[in-house]
Amino acid sequence: MRSPLALLLAALAYLCTTAHAATWYFLRYNLPSTQSFLSFSGTLAIPKLPRAGTYYLWPGLQPTDNSGVYQNVLDGRSGTWWIGSGWCCSNPSLPWGSGFNTVQGDSVKFENVRGASAWTSTLTKGTEVVTNKFPD
């Protein structure tokens, strides 16, 4: 006969599920102080959206002073992928740019170009194009 404590522990172990933490990947590239990034571009192959949880995927640039992150964000909170651009985290009142829905298998090109006083972000999926400007 098993003890009540052993049965309770066995029941609790049965009910426990595996928890997964967020996974982060960074590529750090430090420029000499006399230089800066003038553009950043690429193509995102849209992955399958898992069923439950909050998912984000973004390529972005973050200054070494940690004043924010200029990024193109693939957002899956609604249960559908949406992609848009923005300057995150240093000033919560800065607006996010417009974007569009996308699905697994789509390719979305992002192109970010730094002008004299603003970054211009262009997202392209087929014939759908969204362009936004954000203060530098």
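The values are calculated or read from the model by the stated rules, or taken from the named source; none is laboratory data. Just so we're clear, the structure is a prediction, and the values are computed from it rather than from any experiment. A quick note on method: Cβ atoms are made from the backbone with ideal geometry, for glycine too, and the neighbour counts reach across all protein chains shown.
Annotations for the structure displayed:
- Candidate set: the stretch 110-130, residues that are of a type outside the set (S, T, N, Q) and in a loop (DSSP other than H, G, I, E, B); chosen: the one nearest to Gly60 (Cα to Cα): Gly115
- Going through (1) in contact with a strand residue (DSSP E or B) (Cβ under 8 Å, 6 or more places away or on another chain); (2) modelled with pLDDT of 80 or more one by one, Lys48 falls short only on (1).
- Entry remark, the stretch 48-67: residues being surrounded by fewer than 14 Cβ atoms within 10 Å (Cβ to Cβ), assigned to a loop (DSSP other than H, G, I, E, B) and not aliphatic (A, V, I, L, M) number 10 in total.
- Any hit, the stretch 102-114, residues being more than 16 Å from Gln71 (Cα to Cα), in contact with a Ser or Thr (Cβ under 8 Å, 6 or more places away or on another chain), surrounded by fewer than 16 Cβ atoms within 10 Å (Cβ to Cβ) and small (Gly, Ala, Ser): yes
- In summary, Gly42 fulfils each of the numbered conditions (1) of a type outside the set (Lys, Arg); (2) under 17 Å from the mean Cα position of the chain (by Cα); (3) surrounded by 10 or more Cβ atoms within 10 Å (Cβ to Cβ); (4) modelled with pLDDT under 80 with the single exception of condition (4).
- For the stretch 49-67, the count of residues that are without any contact (Cβ under 8 Å) to a residue 12 or more places away in the chain and of a type in the set (Asp, Glu) is at least one.
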